[in-house]
Amino acid sequence: QVQLVESGGGLVQSGGSLRLSCAASGSGFRINAMAWYRQAPGKQRELVATITSGGDTNYAGSVKGRFSISRDSAKNTVYLQMNSLKVEDTAAYYCNADGLRLSTLYRFWGQGTQVTVSS
């Protein structure tokens, strides 16, 4: 099975930066698209950014121009560089990856890492 482990979350002041990492481990799967989601208290989980196996990226309008998603496919690792952080960015951030095994697509989720932005 594939395990996704996020790291890099923490407490940061408004206007500061954080870089989240998500490493996929395990064997038998080919990792395709990867993404970051977030969930704030009392709200539904929302898509933040995606990156395809070819490197194409998409962002939620609320983070466009401030966040940047990238990946190191050789290490099955995806990153989220977060700049100019705002209080409203406070949420648990979750890594997502789609893995292909024997022509079947699986969706994997990390455990989440907390990002808290103080005013």
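Worth pointing out:
- Matching option when the condition is modelled with pLDDT of 95 or more, closer than 18 Å to Val2 by Cα and not basic (Lys, Arg), among Tyr59, Tyr106, Tyr93, Tyr79: Tyr79
- Residue match in the range 2-10 (condition: of a type in the set (Val, Ile, Thr), without any contact (Cβ under 8 Å) to a residue 60 or more places away in the chain and either more than 20 Å from Ser84 (Cβ to Cβ) or open to solvent by 60 Å² or more (accessible area, probe 1.4 Å) (or both)): no
- Count of the range 97-119 residues which are of a type in the set (A, V, I, L, M), buried (at least 19 other Cβ atoms within 10 Å of the Cβ) and touching a Phe, Trp or Tyr at 6+ places or on another chain (Cβ under 9 Å): 2
- Test: residue in the range 84-96 that is exposed (fewer than 15 other Cβ atoms within 10 Å of the Cβ), assigned to a strand (DSSP E or B) and of a type outside the set (A, V, I, L, M, F, W, C): no
- Every residue from the range 18-33 that is modelled with pLDDT of 95 or more and open to solvent by 60 Å² or more (accessible area, probe 1.4 Å): Arg19
- Close pairs from the range 108-119: first in contact (Cβ under 8 Å) with a residue 24 or more places away in the chain and under 30 Å from Phe29 (Cα atoms), partner open to solvent by less than 50 Å² (accessible area, probe 1.4 Å) and outside any strand (DSSP E or B), Cβ under 8 Å, at least 6 apart: Phe108/Val2; Thr113/Gly8; Thr113/Gly9; Gln114/Gly9; Val115/Gly9; Val115/Leu85; Val115/Asp89; Val115/Thr90
- Some residue of the range 34-54 being in contact with a helix residue (DSSP H, G or I) (Cβ under 9 Å, 6 or more places away or on another chain), open to solvent by 20 Å² or more (accessible area, probe 1.4 Å) and of a type in the set (A, V, I, L, M, F, W, C): yes
The values are calculated or read from the model by the stated rules, or taken from the named source; none is laboratory data. All values derive from a computational prediction rather than experimental measurement. Virtual Cβ from ideal backbone geometry, glycine too; neighbours counted across all protein chains shown. In case anyone asks, the SASA skips ligands and DNA or RNA and just uses the protein heavy atoms, side chains included. Shrake-Rupley method; radii C 1.70, N 1.55, O 1.52, S 1.80 Å.
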